[in-house]
1. Being more than 25 Å from V228 (Cβ to Cβ), among the hydrophobic types (A, V, I, L, M, F, W, C), open to solvent by less than 30 Å² (accessible area, probe 1.4 Å) and modelled with pLDDT of 95 or more narrows it down to one of F115, F174, so name that one.
2. For the range 28-62, what are the residues that are modelled with pLDDT under 90, in a helix (DSSP H, G or I) and of a type in the set (S, T, Y)?
3. Would you check which residues across the range 1-23 are modelled with pLDDT of 85 or more, within 21 Å of E117 (Cβ to Cβ) and open to solvent by 30 Å² or more (accessible area, probe 1.4 Å) and list them?
4. Inside the range 120-135, can you point out the residues that are crowded, with 17+ Cβ neighbours inside 10 Å and more than 23 Å from S247 (Cβ to Cβ)?
5. Report, by residue number, each residue of the range 24-50 that is small (G, A, S) and surrounded by 13 or more Cβ atoms within 10 Å (Cβ to Cβ).
6. Let me confirm something: among V84, V54, V93, V114, which residue is within 22 Å of A244 (Cα to Cα), without any contact (Cβ under 8 Å) to a residue 60 or more places away in the chain and touching a strand residue (DSSP E or B) at 6+ places or on another chain (Cβ under 8 Å)?
Amino acid sequence: MPRLRDLDLARHLADPAIKQRFVTPMFDLVAPRYDEFTRAFSFGMDRRWKRVLVSELASRTAPGARVLDLACGTGDLAFAAAAVVPGARVTGVDASGRMIELARGRARGAPAPVFVEGDMAHLSLGDSSVDAVTAGYAFRNAPDHRAALAEAGRVLRPGGLLITLDFFRPRSQFWRFLFLSYLRAAGNAAGWWWHREPVAYGYIAPSIDAFVSWQHFSADLMAAGFDVLRVHTWLLSGVCMHIAHRSEAPVRERR
């Protein structure tokens, strides 16, 4: 397997056909320390953002719901969903086999989610088969986030809930420069210190720069057949949570 530093990151981010060839081995590499990194890198804010997400899920989801957590990592949101939604049937999906292995290792006792290795743009689930979808730092890492949104819409029942949390490209050029400069420098340093691969976390800044603003993502949600209910923003729009319902009407009927 080639070292991450030997791969052309810009080329992989720009081409949906090969992006996954970089993203999956990167997450396999960082999996053992991923949770520790996200807490430290965000100065603990990651915990607060996820608490808001879980609170929104709990208040908007009925007992016994079928919940799908996309890009589940080691299972933070999947375990939280199982804990706050009574009788929930939770499935976590991630393209990284190492992440899934670690998540399964945490699944002891009840309620325990089911964890499956898979592609969030090609899910092995039936149409309208889940009631809620959560996605923490998921769509930015998908080869084509619009295709992944369409797939989320396919598996959600009409009226089903989608909650996403991610980093977004700030529209302010000045803030974008400061925000990405910090993430690039801190990410490269952490990647080298923990894995001897600077790009392992240095990837974050270029991936955000190659992504969309939260406003653009809202438009993409609507184009995919979702109604955006609420938006939370943090860090001057560098981090955002979208809460949406799958529309009851087919996408082709929407104007």
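1. Being more than 25 Å from V228 (Cβ to Cβ), among the hydrophobic types (A, V, I, L, M, F, W, C), open to solvent by less than 30 Å² (accessible area, probe 1.4 Å) and modelled with pLDDT of 95 or more holds for just one of F115, F174, which is F115.
2. Y34, T38 - these are the residues of the range 28-62 that are modelled with pLDDT under 90, in a helix (DSSP H, G or I) and of a type in the set (S, T, Y).
3. P16, A17, Q20, R21
4. none
5. Correct list: A31, A40, S42.
6. When all the criteria are applied, what remains is V93.
The values are calculated or read from the model by the stated rules, or taken from the named source; none is laboratory data. Please read these numbers as outputs of a predicted model, since none were measured by experiment. So basically every Cβ, Gly included, is an ideal-geometry build from the backbone, and we count neighbours across all protein chains shown. Each accessible area value is taken on the protein alone, full model and side chains, heavy atoms only, with ligands, DNA and RNA left out. Shrake-Rupley method; radii C 1.70, N 1.55, O 1.52, S 1.80 Å.
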